[in-house]
Structures are given as structure tokens and as C-alpha cells.
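Step one of this worksheet: look at the structure below.
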Amino acid sequence: MIRGLYTAATGMNAQQNQIDVTSNNISNVNTMGFKKDRAEFQDLMYERLNYTAGQTSETTRNPTGIDVGMGVKISGIQKSFLQGDLKETGDTFDLAIEGKGFFRITLPDGQTAYTRNGAFKLDDEGAIVNSAGYRLDPEIIIPDNVKDVTIAKDGTVTATDVNDATVELGQITLSTFVNPAGLSPQGDSLFKETDASGAPIEGNPSEDNFGSLRQGIVELSNVKLVNEMVDLITAQRAYEANSKAISTTDQMLDIVNQLKR
């Protein structure tokens, strides 16, 4: 019966992790470019009370064995990189990736991060930056003497100069990964590559396996609130059931102690 206490405790701990993950998803339901998390669990080791196919007589064997599980543990939290809904804003520097790919962002320490949040702006030097002021890579500068900036689906950035001539200002490129779920989340809708994600593969939008760009549109969170509420209720009920298992085991131990009196 002592085993039941510890087993149910692992279940409560696992469901607390599920609630933590679900709460984070719900809190980011309106975060642009956010990718939902999914908690994954696996069973713990088993205590083998009788081996499978153990000898029960000279001519027969146990067909199943007796293996008692020791509970559950969280095995991983995986990001889902499914496309979020697209929302039209009309802002010149709002960009959405329709399909696969990440924008590259240069961090203040010179490292590169990756994001699906395309809510870009201009800094005081005319460079395209994210909401934290980190520059897009490759760097693109918009001069103050141009107008009607256009960003094509293939990432080509053009504008009209004072003579009404079209000038090309740069090329936005994207990066993809063999295993995007292996990226390390850094907050601020940014990710960094890891050994698990593999090295970034760079290319132009709309080419090969890369998505295309949509100007004046942003990608919203891919969190579905109804699904998260169902997950939240399910985790809560499972937590309560494990708590009840602990209470029941405690009552059984109390009965045993009373028999000794």
C-alpha cells in the first residue's frame, strides 16, 4: 500500500506539469507567432513480482507475469509548429510566413535567433527590427527618401524614390530546420538552434520548401482555446483522481493499524 502513495504522488506531479503547460498556452493565446506546447508523459519502471512465462508447474508457464507500475513522469514538452491564423493589419512592415520557415534575428550579443513573429518596425536608422529593437538578418535599411515600400512574396524589398523610379532595397531570406521541435525557446517569440534541431537551412521565400511572405499580415498564436480548456479540465480531474488514490491508500493503512491494536 505504501507503493500506492508514491505512485499516486507521481501522477499528481505529472498532472501539475500538464496544467503548467496548458496555462502557458492559454496565457499566450494572443501572442503573435507563439507556438503551443504539448506535454508528453511515459510510465516509470515496473516492479516485477512474477516473471512473464515463469514456470507454474513442470508442464505449464505463467502467460502474463505480474508487473506493478511505479507511476508516471514527464518525458518532454514539445512545440507544435503548425501554422497559426493570419490576421490582416495593413501595416507596411508586418509580415507573415505562409508555410515553412523562420525569420532570422540578430541579438545584441551577435548571436542569431529565429522567429515566426513578423510584427516588424523601423528603428532610428531605418533598419527593419522586431519589437525589442533586434535587427532582421540580413539587415535591410529603408532610406528616408523613399515611399511605397513593397515586400514581395519572394522576399524582395522595393520602394519608389523621389523620381518615382523603383529601387531594390534588399532581400529577406528564411531559415528552416530538419527538426524545428528541437529548437530552444528563448522567450520574446525567439528560438535558438540546438544539436537536436540541426543546422539552419537558408533560402528565399517561395523557393524550394520555403513558405511565401505576406505583407500587411501577421501570424497569430496557434493555440486553440477550446482545446486548451478541455486539456485543463482533463488534467484537473486526473489530479483529483490521484489525490483520491492517496486518500484511499491512507484510509487502508489506518484500517491496518487499527487491526494491530
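Given contacts defined as C-alpha pairs under 8 Å and at least six residues apart, what's the relative contact order of the chain, whole-number percent?
With pairs under 8 Å counted, the relative contact order is 26 percent.
Summarise the long-distance tail of P(r) for the chain by giving the % of C-alpha pairs beyond 29 Å.
Roughly 51 percent, rounded to a whole number.
Most mobile of Gly69, Gly11, Gly33 per a Gaussian network model of the chain (Cα springs, under 10 Å)?
Highest fluctuation among the options: Gly69.
Could you give the spread of the C-alpha atoms of the range 185-261 along their three principal axes, from largest to smallest, in whole angstroms?
79, 32, 23
Identify all lysines with a Cα-Cα distance to Lys100 below 26 Å; exclude those on the same chain that are fewer than 8 residues away in sequence.
Partners found: Lys35, Lys36, Lys79, Lys87, Lys121, Lys153, Lys192, Lys224.
For the range 1-134, what does the equivalent ellipsoid look like in terms of its semi-axes, each the square root of 5 times an eigenvalue of the Cα gyration tensor, given largest first in whole Å?
53, 16, 14
Let me see the pair-distance distribution of the range 70-143: every alpha carbon pair, 5 Å bin width, integer percents in order.
Values per bin, smallest distances first: 3, 13, 21, 19, 16, 10, 6, 4, 3, 2, 1, 1, 0.
Mind jotting down a quarter of the surface of the convex hull over the alpha carbons of the range 86-219, in square nanometres, one decimal?
For the range 86-219, the mean projected area of the Cα convex hull comes to 8.0 nm².
For the chain, what does the helix formula give at 222 nm: sum of -39500 (n - 2.57) over DSSP H segments with n ≥ 4, over the residue count, nearest 500 deg cm²/dmol?
-8500 deg cm²/dmol
Starting from the exponent 0.38 and prefactor 2.2 Å, build the expected Rg for the range 144-209 from its residue count and divide its actual Cα Rg by it.
Scaled against compact globular proteins, the figure is 1.53.
Where Lys and Arg each count +1 and Asp and Glu each count -1, what net charge lies around Arg214 among other residues with Cβ under 10 Å from its Cβ?
For residues surrounding Arg214, the net value is -3.
Which whole-number percentage describes the relative contact order of the range 86-219, with Cα contacts under 8 Å and a sequence gap of 6 or more?
Computed value for the range 86-219: 33 percent relative contact order.
If you build a Gaussian network model of the chain, linking Cα atoms that sit under 10 Å apart, which residue out of Thr106, Thr59, Thr115 swings the most?
Thr59
Just so you know, all these numbers are worked out from the coordinates, no wet-lab data involved. For clarity, every value in this text was computed on a predicted model and none was experimentally measured. FYI the Cβ positions are ideal-geometry reconstructions off the backbone, even for glycines, and counts take in every protein chain you see.
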